[in-house]
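The values are calculated or read from the model by the stated rules, or taken from the named source; none is laboratory data. None of these values were measured; they are calculated from a predicted model. Here the Cβ positions follow ideal geometry from the backbone for every residue, glycine too, while neighbour counts run over all protein chains shown.
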């Protein structure tokens, strides 16, 4: 299994304090998109990061191979809307997960 870090960069440093109604709707679609991927077993975790240098979002996802990594990011509704968000996807060469009960 291959793991990746998705980083969603916001359109401005003041986001989400000054989120617009259009952006609010897009963020709801964004959360639904990642939750659906989580329900399919592709996403381990996702959520906002309150970095003092500027907020951003992350998701950690797992795929059989790396061929679909950028596609998951590109299909995020906030990216497809082309309203100033952008993303990065980085492979995670080593991932530590909780042990599963036998």
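Annotations for the structure displayed:
- Conditions (1) part of a strand (DSSP E or B); (2) surrounded by 12 or more Cβ atoms within 10 Å (Cβ to Cβ): number failed by residue 79: (1)
- Close pairs (8 angstrom Cβ cut-off, 6 or more residues apart or separate chains): at pLDDT below 95 in segment 5-19, surrounded by fewer than 11 Cβ atoms within 10 Å (Cβ to Cβ) anywhere: 12/18
- Filtered residue count, segment 48-70, keeping only those that are out of contact with any strand residue (DSSP E or B) (no Cβ under 7 Å at 6 or more places or on another chain) and either modelled with pLDDT of 95 or more or part of a helix (DSSP H, G or I) (or both): 2
- All positions within segment 33-42 that are touching a helix residue (DSSP H, G or I) at 6+ places or on another chain (Cβ under 8 Å) and either surrounded by fewer than 16 Cβ atoms within 10 Å (Cβ to Cβ) or under 17 Å from residue 1 (Cα atoms) (or both): 37, 42
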